[in-house]
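After the structure tokens below, expect a handful of questions from me.
What follows draws every value from the coordinates through simple rules; no lab data is involved. In this text the structure is predicted, and so the values were computed from the model without any measurement. Ideal geometry is used to build each Cβ from the backbone, glycine not excepted, and the neighbour counts take in all protein chains shown.
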Amino acid sequence: MTSDSHAVRMDSTGQNTFAGKRPTFHSFETSAAIIKRGGWKIRNPDIRELSDKATAQAFIKTLPRGDRRRNWEESRFRLLCIKVENRSQILEQTAIVSTAAESGWINSEFATNIIKGNAGSAVLMEKGNISSSIRLSFSLLCAFQTEILRAGLNFQTPNDKLPFITLSISELHRPGRQRGSDWVCLLFTGPGVDLEWLLSEHPFPSDYASLFPDFMFLPVSILRQEVERVGAGLMKLKEDVLDKHGEVLSSDPADLGDTKKTLFELDRKYLELQERWKFGQVLAANLIKCFGEIVRLQTKEIDKLKYSKTLLQQVETQIALSNMAQQELDAIPSRLNQQHRMIDSKLTIMIAEDTRRDSSSMKTIAVLTLIFLPATALASIFGMSMFDWKAQEGKDIVSHRFWIYVIVAVLLTLVVLTVWFLWYARTQRSYEKIWRKDDVESANTYSSKPED
């Protein structure tokens with residue numbers, strides 16, 4: 001077995017251990033006969049690391065020759081895995097996507113999903129020859145004539161911080177062959193995805209009866225991993241929410257800002273897990289649909305032939321586990337909202353307390369002003385030179401120009417009051433104008449809504 005130095009798993013802390021920066025290319029080939037000889041299990045899969053992009057393209061173009069001595073005759077499986085550091089690097093693989101399209105590995109829908117980054121899954125139910133063109137980038141337009149795949153599945157995980165996978169697995173009909181079809185798979189993986197584990201962890205189904213073996217066990221294995229990831233993520237999120245609940249109750253009001261940020265991060269994780277849960281639900285439904293399509297394409301008597309019960313039961317089990325996880329998904333938002341309300345209540349109480357303290361301070365200042373203002377005013381007036389307290393008998397103590405002070409003081413007071421009144425009236429008009437504008441916009445928005 002060639003060592004796959006870039007294959008990775010999620011460590012115990014949930015962190016990615018992928019260290020590569022440039023995309024790496026890996027190939028894997030086997031057949032149903034080889035797997036049967038190994039006890040219906042892919043033991044130590046021979047995953048080969050390809051040197052560069054050109055070698056990867058050559059792998060797609062080259063069809064293996066039948067070799068009965070090597071059990072390389074019927075129902076062969078060929079996989080090309082491109083491991084990238086982030087999703088943006090997938091868009092750089094236009095040459096690989098173009099070659100895969102020309103060789104009939106993928107269809108136009110899969111190429112479009114890669115370009116647009118659409119999350120979701122779709123069942124391939126096409127056959128026959130058509131001409132198609134795919135715009136792989138702003139500068140590359142690939143036109144090709146290809147034999148459309150008979151059956152298969154496309155999917156791409158949501159764009160989030162969890163490990164991502166983009167996959168197209170398809171039955172590739174070989175003209176002139178009377179038995180079986182080859183299966184091909186183009187796979188893009190990010191950090192945290194272990195290809196060897198996906199291929200070897202679970203046994204290959206052996207109960208195909210009279211149907212030709214297919215290789216849908218790989219997307220089923222990915223579905224199982226997705227359901228497990230969502231379940232583990234929900235358990236961890238539930239623990240974090242409960243821990244945060246106690247922290248909210250006992251935290252100091254001054255630290256509520258940091259607690260609020262943590263709750264927003266928990267909200268983000270919840271939305272992330274919710275999208276993954278929805279993705280798993282749709283993927284499971286499309287897998288069952290794809291199983292039925294495989295049976296339909298192999299026989300007209302659908303009632304007489306049944307698909308592998310092993311794979312069907314595995315998918316149904318994952319659906320049941322996913323439905324159980326829905327209860328946790330439904331419960332977490334109310335707990336998070338409750339904690340947000342608790343923080344808002346504490347912040348409101350804190351603001352009210354600060355306002356009360358400010359109000360008490362202002363009242364204290366107002367009382368002191370009322371006490372000392374009359375005495376201060378009298379002291380200022382009597383301290384003016386217009387009063388001569390040592391005047392001789394027969395002379396006035398108050399200067400005959402005292403009226404100047406009274407007139408100037410009254411005029412200045414009137415000027416100050418007038419300026420304040422004009423400023424207050426202007427601000428009120430501005431506020432009223434803004435309020436009227438908001439009311440008009442709200443009314444227009446309401447009236448533009450269609451009636452039910």
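For Thr112 and Lys161, FRET efficiency with R0 = 30 Å and r from the beta-carbon atoms, rounded to 0.05?
The pair Lys161/Thr112 has a calculated efficiency of 0.80.
Which value results when the Cα radius of gyration for region 215-357 is divided by 2.2 N^0.38 Å?
Normalised Rg, Cα atoms only: 1.56.
By how many nm would the segment from Ala54 to Ser334 grow when fully extended, if each residue of separation counts as 0.36 nm and the alpha-carbon distance is taken off? Before the final figure, lay out the partial values.
Details: separation 280, 0.36 × 280 = 100.80 nm, distance 5.27 nm.
Contour length minus the Cα-Cα distance gives 95.5 nm.
I would also like to ask the following. Each label point is 7 Å from the Cα along the Cα-to-Cβ direction; what then is the distance between the points at Trp423 and Ser210, in nm?
With each label point 7 Å from Cα toward Cβ, the separation is 9.6 nm.
Now for a different question. How long is the gain from His245 to Leu368 if the chain were fully straight, where each residue apart is worth 0.36 nm and the alpha carbon distance is subtracted?
Value of the extension gain: 39.7 nm.
Another question, then. Is the C-alpha gyration tensor of region 297-374 telling us rounded, prolate or oblate? Criteria: a/c under 1.5 is rounded; beyond that, a/b larger than b/c is prolate, otherwise oblate.
Numbers: a/c = 13.39, a/b = 7.40, b/c = 1.81.
Note, shape of region 297-374 comes out prolate.
5 Å is the cut-off here: which amide hydrogens, built 1.01 Å from N in the peptide plane, fall below it relative to Leu172, excluding neighbours closer than 5 in sequence?
Distant-sequence amide H within range of Leu172: Asp182, Trp183, Val184.
Continuing with the same structure: Sticking with the crude label model, points 7 Å out along Cα→Cβ, report the distance from Arg401 to Val282 in nm, one decimal please.
It works out to 9.1 nm between the two label points.
Starting from the Cα of Arg37, step 7 Å along the direction of its Cβ; do the same at Glu228; then give the gap between the two resulting points in nm.
2.9 nm
Tell me, what is the percent relative contact order of region 215-357, built from C-alpha pairs under 8 Å that lie six or more residues apart?
41 percent
For Val410 and Asp358, what is the calculated FRET efficiency with R₀ set at 35 Å and r taken between the beta-carbons, to the nearest 0.05?
The computed FRET efficiency comes out at 0.55.
Among the listed pairs Lys41/Lys116; Lys21/Lys61; Lys161/Lys244, which are separated by more than 31 Å between their Cα atoms?
The pairs that break the limit, which is 31 Å between Cα atoms, are Lys41/Lys116.
Now for a different question. Using each residue's phi in region 348-363, evaluate 6.51 cos²θ - 1.76 cosθ + 1.60 at θ = phi - 60° and report the 3J(HN,Hα) Karplus result to the nearest Hz, with x for Gly and Pro.
Couplings: 5, 5, 5, 5, 5, 5, 4, 5, 4, 5, 4, 5, 5, 5, 5, 5 Hz.
Would you work out which of Thr299, Met235, Gln318 lies farthest towards the positive end of the dipole of region 215-357? Charges go on Cβ: Lys and Arg +1, Asp and Glu -1.
Comparing the listed Cα positions along the dipole, Thr299 ranks first.
Continuing with this model, one more query. Based on the mean of other beta carbon atoms within 10 Å per residue, what is the order of 260-271, 157-168, 288-299, most packed first?
In decreasing order of mean packing, 260-271, 157-168, 288-299 become 157-168, 288-299, 260-271.
Set the Förster radius R0 to 45 Å, insert the Cβ-Cβ distance between Lys289 and Leu347 as r into 1/(1 + (r/R0)^6), and round the FRET efficiency to 0.05.
Calculated value: 0.35.
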